[in-house]
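Trainee: First the structure, then my questions, so here it is.
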Amino acid sequence: MAIASYTEEDIRVLEGLEAVRKRPGMYIGSTGIRGLHHLLQEIVDNAIDEALAGACTEITVRLEKERVLSVRDNGRGIPVGVHETGIPTPQLVFTRLHAGGKFSTASYKVSGGLHGVGAAVVNALSQWLEVEICRDGRRYRQRFREGGGIDGPLEELGRTRKRGSTVRFLPDREIFGDLELSYRMVADRLRELCFLNAGLTIHLEDLRGEGRKETFRFQEGLTEFVAYLNTGKRTVHPVHSFSGKSGTIFVEVAFQYSDAYSESLLSFVNCINTVEGGYHETGFRSALTRVMNEYARKLGVWRKKENLAGEDLREGLLAILSLRMPETEFEGQTKMKLGNTEARAAVEAVTSAHMTAFLEENPDVARKLLARATSARQAREAARKVREASRKSKSGTGANTSLNGKLTRCSSRKPVDCELFIVEGDSAGGNAKQGRDRRTQAILPLRGKPPNAQRTAVKKLLSNKEFSAVIQTIGGGVHPDFSLRRCRYHKIILLADADEDGAHIRCLLLTFFYRFMRPLLLGGYIYIARPPLYKIASRKGRSKPTYAWTRQEMEAIARRYRNPTIQRYKGLGEMNSTQLWETTMNPETRSLLQVTINDTAAAERQVSILMGDEPAARRQFIVETIDFGLEDDEILSLSRS
Ligand code: TSJ
């Protein structure tokens with residue numbers, strides 16, 4: 001565009017995009033891998049909106065070579081007319097912040113929701129971007145460069161029989177460096193979008209490196225989503241689904257009970273995962289509780305006056321809730337909580353009607369579910385007893401139980417300062433005890449393998465020696481009576497051998513935390529210690545030894561020594577207490593992996609595969625996790641001599 005034709009409008013636009021470039025984090029959350037993912041997400045969301053409007057059936061996402069990303073749909077094509085502001089619509093879309101909703105007729109939009117920063121933000125953060133539109137028999141193109149600058153007007157390129165919109169762009173290296181999108185992350189989200197939009201086809205093509213392709217399409221939508229997440233679990237009945245409309249809100253639900261002990265309610269509003277819940281979840285829960293209790297009373301299963309509690313009725317339930325609604329409001333710390341109060345009544349109405357019918361049509365299933373809820377209630381009472389028992393043991397003068405023999409306490413009483421090392425084996429436990437910082441580090445050695453918390457009855461788990469030591473030591477109780485506030489440690493560090501057995505124990509402990517103390521995982525309180533795999537020393541033993549965590553690292557270090565001796569640690573027991581302190585426990589020099597859950601659905605599926613009926617799948621995972629790759633972005637501090 002020539003300088004002479006610069007108008008006030010152009011200047012305003014550039015200033016807007018400049019603001020995005022100055023503080024990208026404000027618009028896309030971060031300039032790390034998540035931010036980059038967000039850019040692609042934003043463009044995909046616009047294509048999804050076209051699908052929601054019923055105007056497109058197929059979307060292709062490409063991770064091209066040299067970090068280029070592209071998204072194509074077979075929709076109507078972005079309108080090419082001149083908007084009332086005098087600017088052609090495509091240019092408006094890519095240069096005006098939040099232009100999205102203004103020209104749209106679609107009432108349910110993904111792009112206007114949580115992620116709805118608009119295509120202009122993507123443009124502002126791109127080295128270049130081009131949009132191609134096939135519409136009404138013609139092909140059009142417009143290009144932008146250097147953070148949203150207009151590279152030329154919308155051009156007509158000729159005739160075509162195709163329909164649709166394609167956006168290709170190169171995320172700005174100045175902002176994202178050399179970051180590459182993770183195939184897994186993109187694939188997981190696209191799969192999820194296909195589960196949420198039954199019948200929609202999304203192709204994902206990775207043209208980088210070896211190349212990869214996948215097509216997602218689920219004719220049964222949510223039903224298949226539930227089946228996917230319940231893979232590997234023993235289920236009580238086939239997936240059941242229902243949907244209905246209340247006012248302007250369209251509600252879709254699919255659920256299935258399994259023999260898992262957890263409860264998972266996943267909710268989406270216009271394809272956005274409302275991880276913080278909101279009124280729609282409240283509506284679902286209260287309808288379920290009411291309907292099940294009414295049914296139980298009618299059947300006379302539950303003789304007592306009191307109701308079965310909602311949490312007991314939801315044990316083993318996996319439910320997915322998907323809403324389509326206009327004018328969403330998102331609240332909460334991360335803006336992922338639905339704030340529309342009217343969603344509660346809508347979901348409640350649709351759920352009540354269909355759940356009542358479901359129970360009446362499936363009396364056998366209904367009986368099983370009520371029997372389960374009753375035993376869940378008993379388990380809850382057991383959990384309460386655990387809490388009472390641990391309160392008693394605390395108030396005593398320490399004369400109590402086997403626990404005191406095992407746990408080596410730290411002197412600080414401030415949970416934020418206190419770290420609990422759960423250590424595999426007594427001998428490693430002994431070394432940890434000698435090497436530790438007595439003020440802040442407590443040591444709990446574990447003997448032998450604890451049971452699998454996904455497969456074992458609550459009573460048995462809670463009376464297991466190893467687990468009850470863990471429960472009493474941490475002090476926060478167990479689900480459904482767990483409380484972070486009562487926990488005595490804010491870092492719980494799993495320290496196991498770097499072999500298959502160690503990995504198995506870690507898995508068992510994580511499964512236990514997932515089932516009984518999930519807030520510890522959600523809050524990032526759980527860590528995995530990373531003892532080194534190699535020690536490299538000079539043969540004469542004069543200089544201090546160096547440690548290595550991977551083979552490559554070891555080889556690089558060994559090359560610097562004239563005559564190195566290399567020791568491959570097979571277990572923690574081979575290290576003395578000083579070495580253990582230096583390499584693994586000293587907060588100044590150690591490296592920890594923080595275990596977090598950022599994708600509840602993925603976590604649920606993983607735990608059910610891992611700890612379910614299939615030893616082969618479990619073994620494979622264990623073998624894979626032994627080598628905690630250094631590409632993990634969760635490494636908190638890494639410093640080596
Ligand atoms: F926003 C965007 F530019 F980034 C983008 C938009 C990216 C991609 C990959 C697709 C799209 C997009 C937009 N696909 N389809 C549409 N459709 C419209 O913008 C559209 C078309 C027709 C009508 C109409 O009422 O006739 C309305 C709209 C919103």
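Coordinate-derived values only; no laboratory data. None of these values were measured; they are calculated from a predicted model. Note that each Cβ is placed from the backbone with ideal geometry, even for glycine, and that neighbours are counted across all protein chains shown.
Trainee: Quick one: in the stretch 431-582, what % of C-alpha pairs are over 21 Å apart?
Mentor: More than 21 Å apart: 53 percent of the Cα pairs in the stretch 431-582.
Trainee: Enumerate by residue number the GluC sites (Glu not before Pro) in the stretch 156-238 meeting two conditions: DSSP loop (anything except H, G, I, E, B), and at most 14 other Cβ atoms within 10 Å of the site's Cβ.
Mentor: Within the stretch 156-238, the qualifying GluC sites (Glu not before Pro) (loop, at most 14 other Cβ atoms within 10 Å) are E180, E210.
Trainee: Just name one of A496, A537, I526: the one whose Cα is farthest towards the positive end of the charge dipole of the stretch 460-577 (beta-carbon charges, Lys/Arg +1, Asp/Glu -1).
Mentor: Value: A537.
Trainee: May I ask you to evaluate 6.51 cos²θ - 1.76 cosθ + 1.60, the Karplus curve with θ = phi - 60°, for each residue of the stretch 250-263 and list the ³J(HN,Hα) values in order in whole Hz, giving x for glycine and proline?
Mentor: Once rounded to whole Hz, the list reads 9, 10, 10, 9, 9, 8, 7, 8, 9, 7, 5, 9, 7, 10.
Trainee: In addition: Check cross-link reach from K298 to the aspartates and glutamates: straight Cα distance under 13 Å, and skip same-chain residues fewer than eight apart.
Mentor: E360
Trainee: For a quick check: with amide H placed at 1.01 Å from N, whose amide H comes under 5 Å from D151's, ignoring anything fewer than 5 positions away on the same chain?
Mentor: R143, F144, R145
Trainee: Could I ask something else about it? Taking H as built 1.01 Å from N, whose amide H comes closer than 5 Å to the amide H of N270, not counting residues under 5 places away?
Mentor: Sorted by chain and number, the residues that satisfy this are L323, R324, M325.
Trainee: Can you give me the relative contact order of the stretch 173-294 as a percent, contacts being Cα pairs under 8 Å and 6 or more apart?
Mentor: 15 percent
Trainee: Right, next: Taking θ as phi - 60°, what are the ³J(HN,Hα) couplings along the stretch 170-182 by the Karplus curve (6.51, -1.76, 1.60), each to the nearest whole Hz, with x for Gly and Pro?
Mentor: Each residue of the stretch 170-182 in turn: 10, x, 5, 5, 4, 9, 9, x, 9, 3, 10, 5, 8 Hz.
Trainee: Just the Kirkwood number for the stretch 240-316, please: inverse of mean 1/r across all distinct Cα pairs, in Å, one decimal.
Mentor: Averaging 1/r across every pair of different Cα atoms and inverting gives 14.2 Å.
Trainee: Rounded to the nearest 5, what % of DSSP beta bridges with both residues in the stretch 266-359 are antiparallel?
Mentor: 45 percent
Trainee: Classify the stretch 398-502 from the C-alpha gyration tensor, please: rounded if a/c falls under 1.5, else prolate or oblate depending on whether a/b exceeds b/c.
Mentor: On the way: a/c = 1.63, a/b = 1.13, b/c = 1.44.
Judged from the Cα gyration tensor, the stretch 398-502 comes out oblate (a/c at least 1.5, b/c at or above a/b).
Trainee: Here's another thing I want to ask about it. Compute the Cα gyration tensor for the stretch 444-500, then decide on rounded, prolate or oblate, letting a ≥ b ≥ c be the square roots of its eigenvalues: rounded whenever a/c is under 1.5, prolate when a/b is larger than b/c in the other cases, and oblate in all that remain.
Mentor: oblate
Trainee: Treat the stretch 164-305 as a sphere of radius equal to its Kirkwood radius over Cα pairs and apply Stokes-Einstein at 20 °C in a medium of 1.002 mPa s; give the translational diffusion coefficient in µm²/s, rounded to a whole number.
Mentor: The Stokes-Einstein estimate is 115 µm²/s.
Trainee: Which of the aspartates and glutamates could a cross-linker span from K414 if the Cα-Cα distance has to be under 17 Å and same-chain partners fewer than 8 positions apart are dropped?
Mentor: Of all the aspartates and glutamates, those that pass the test against K414 - Cα under 17 Å, at least 8 places apart if same chain - are D437.
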